[in-house]
Amino acid sequence: QVHLVESGGGLVQPGGSLRLSCAASGSIFSKDTWGWYRQAPGKERELVATITKNGYTNYIDSVKGRFTISKNNARNMVYLQMNSLKPEDTAVYYCNADPYYEDWGKGTLVTVSS
């Protein structure tokens, strides 16, 4: 069983920044790749960014150059630095492995609005 706790969301104006954090605990060591997902109102959950055990990263096109995923293996933490935020980034953000565990956290809401 995996326990995931996301934090750091909030209301920010377009062009602003936020840093999301994810604390992972439980039986997480079987997965080498971790990522951030998001689900906007009325849309499917999508995988936004991933980071491998060796630190290789990948992003969907819409966030490339604006978002940076990182992690602290010793602390079982995953982070998402989000810059130049746009209204279309508004969503609930979740962390999970890729492929994901069935146990999801509650997510953290990011609202980009003026």
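Overview of results
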| item | result |
| --- | --- |
| Hey, N58 within 21 Å of Y101 (Cα to Cα) and surrounded by fewer than 14 Cβ atoms within 10 Å (Cβ to Cβ) or not | no |
| Selected residue (criterion: nearest to the chain's Cα centre (by Cα)) from residues of region 63-80 that are open to solvent by 60 Å² or more (accessible area, probe 1.4 Å) and at pLDDT 95 or above | T68 |
| Tally of residues being among the β-branched types (V, I, T) and either open to solvent by less than 20 Å² (accessible area, probe 1.4 Å) or over 12 Å from Y100 (Cβ atoms) (or both) across region 27-47 | 1 |
| Condition check for Y101: open to solvent by less than 40 Å² (accessible area, probe 1.4 Å), assigned to a strand (DSSP E or B) and either touching a residue at least 24 places away in the same chain (Cβ under 8 Å) or farther than 16 Å from V5 by Cα (or both) | no |
| Listing of strands (runs of 3 or more DSSP E) fully contained in region 14-97 that carry 1 or more residues being among the small types (G, A, S) | 18-26, 34-39, 46-51, 67-72, 91-97 |
| Test result for T50, of a type outside the set (F, W, Y), under 14 Å from L18 (Cβ atoms) and surrounded by 14 or more Cβ atoms within 10 Å (Cβ to Cβ) | no |
| Residues satisfying the stated conditions in region 1-26, i.e. over 15 Å from T108 (Cα atoms) and either surrounded by 12 or more Cβ atoms within 10 Å (Cβ to Cβ) or at pLDDT 95 or above (or both) | V2, Q13, P14, G15, G16, G26 |
| Of all residues making up region 1-13, the number that are part of a strand (DSSP E or B) and either of a type outside the set (G, A, S) or touching a Gly at 6+ places or on another chain (Cβ under 9 Å) (or both) | 7 |
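The values are calculated or read from the model by the stated rules, or taken from the named source; none is laboratory data. Predicted model only: the values in this text are computed from it and were never measured. We place every Cβ from the backbone using ideal geometry, glycine too, and count neighbours over all the protein chains shown. Each accessible area value is taken on the protein alone, full model and side chains, heavy atoms only, with ligands, DNA and RNA left out. Shrake-Rupley method; radii C 1.70, N 1.55, O 1.52, S 1.80 Å.
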